[in-house]
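Read through the structure below, which is laid out as structure tokens, and then see the notes.
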Amino acid sequence: MEQKLFTRDFTLVVIGQVISLFGNAAIRFALPLYLLNQTGSSALYGAVTACAFLPAILLSPVGGIIADRVNKRNIMVVLDFFTAGLIAVFSLLLGGVNLVLLITAALMILYGIAGAYQPSVQASIPALVSRENFLAANSVVNIINSFSALLGPVLGGVLYSMYGLKSVLWVCIVCFFLSAVMELFIRIPFTRREMTGGVWKMVRTDFAESVRFIWKDKPVIGKALLAVCGINLFLSAMLTVGLPYLVTEVLPFEPALANRLCGYAEGALAAGGLAGGICAGTLAKRLTLQKTGYLVVAGAAFVFPMGASLVVFASGMINYLVIMVCCFFIMVCVTIFAVQIMAFVQGETPGELIGKVIAVILAVSMCAQPLGNAVYGVLFEVCEGFEFAVILFAGAVSLAIAVGMKNIFRGGIPEILSEK
């Protein structure tokens, strides 16, 4: 008998994620944009966002280890309450502390919390849904991420442009508080594991066990992970830094309009992720990793019209629309692939390892992002007036990596939900 996907507890996780991730998307959009508005420097913007990623990289493995040894529900509740308090403190300090240091510290803590939080969510899926629903459940989680990332920047951009940063901060405080309260009612099956030795010995042992599984037991995961790092370095980082910089500093828009349009552009990325998540769910029975490898190639190819448009068209609105459309289709392609990869990992990883393995994958895949953010921040500033060259460079390298990634999955990959 086929078990239903939306059980009581999985539904509560979904609702809590919608609220929490909306607040997360809004605050992580508003703070860097506020810094860019105040300084106008893409190099500083890139450096600050690069620093923000470092705690997420470091804390993802720790979050995975904790997720395998502590009740996952409690992790979500504590981190959401803590985030609400952090934003409240930030709002009180704003204006009385050095802006760059304050935003850098706040973003580092926020990204660090997200790094520790997400392994608990991903690792809870096998405990809440049946094996045949893994792919559909991951699709739902990706849709939630994309839906929240769509509404967060769009509504955050409107609030920010009309009422200022403080309005965004207080909306986010309410979101995280409500999410934490919602998560108090979730029941996630949990078996306590005995700790042997000290904490650091446990961390080293668990981390080594995860790495061994990824690189030796399932080497295709390790190969794909290297390719994903390359995509993050050359494509994701370019979009992270280039999108707000192009819209607010390069294209000829008034500041208030530019901030709203930047929110809409970030929303286009999220809308693409939402569409990709829906496609991954509806096509779950027909998709394979071999087929979705071609989508990564297509996603990289959509970078080229963005650069070409800056050369061909003088109109700011035409360039903006081209950027919006390309960002949408890039995210559609990449999201479908990400859902497939995550379902494959969850289906092939033993239950006692899943939190740690997912955490290591998330951490390693993010490693390239800080370097990419810093490099593109400098490149866009050095190549002022020739931003198209930076975009075309990112597209060419990303396309080469995507072709290599497709070849990784050409053969020898088992079906995602195959029996062990």
Spin-label zone in region 221-259 - amide nitrogen under 11 Å from a point set 7 Å from the Cα of Val100 along the C-beta vector: none
Tilt relative to the chain, helix 72-93 - C-alpha long axis, 0 to 90 degrees, to 10: 20 degrees
Acute angle (nearest 10 degrees) that the helix 354-366 long axis makes with the longest principal axis of the chain, alpha-carbon atoms: 20 degrees
Shape of region 98-186, Cα gyration tensor, a/c cut at 1.5: prolate
30 Å Cα-Cα threshold exceeded, pairs from Lys216/Lys406; Lys4/Lys216; Lys4/Lys223: Lys4/Lys216; Lys4/Lys223
Semi-axis lengths (Å, descending) of the ellipsoid that matches the C-alpha gyration tensor of region 321-372: 28, 16, 5
Accessible surface, per residue, of the chain when the full set of protein chains is kept, probe 1.4 Å, Å²: 41 Å²
Listed values (i) 33, 26, 20; (ii) 38, 30, 20; (iii) 53, 29, 20, entry calculated as semi-axes √(5λ) of the Cα gyration tensor in Å: (i)
Convex hull volume per residue in cubic angstrom - Cα atoms of region 236-355: 114 Å³
Radius of gyration, Dmax [region 290-363; alpha carbons; angstrom]: 17.4, 56
In degrees, nearest ten, helix 165-183 long axis to first principal axis of the chain (Cα): 10 degrees
Highest average packing first - 109-119, 302-312, Cβ atoms within 10 Å: 109-119, 302-312
Max mean-square fluctuation residue, GNM over the chain, Cα-Cα springs under 10 Å, options Val332, Val168, Val390: Val390
Fraction of accessible area attributable to carbon and sulfur, the chain (%, probe 1.4 Å): 70 percent
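Let's test the formula: R0 of 41 Å, r as the Cβ-Cβ distance of Trp215 and Val325. What FRET efficiency results, to the nearest 0.05?
My answer for the efficiency is 0.60.
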Efficiency of FRET from Cβ geometry, Thr282 and Leu257, R₀ 45 Å, rounded to 0.05: 0.80
Cα-based shape type of region 1-61, given that a ≥ b ≥ c are square roots of the gyration tensor eigenvalues and the cut on a/c is 1.5: prolate
Value of [θ]222 nm, deg cm²/dmol, for the chain, DSSP H segments ≥ 4, -39500 (n - 2.57) each, nearest 500: -27500 deg cm²/dmol
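The values are calculated or read from the model by the stated rules, or taken from the named source; none is laboratory data. Just so it is clear, the structure is predicted and the values come from calculations on it, not from any experiment. Reconstructed Cβ throughout: ideal geometry from the backbone, glycine too, with neighbour counts over all protein chains shown. Note: areas computed on protein heavy atoms with side chains; ligands, DNA, RNA excluded. Shrake-Rupley method; radii C 1.70, N 1.55, O 1.52, S 1.80 Å.
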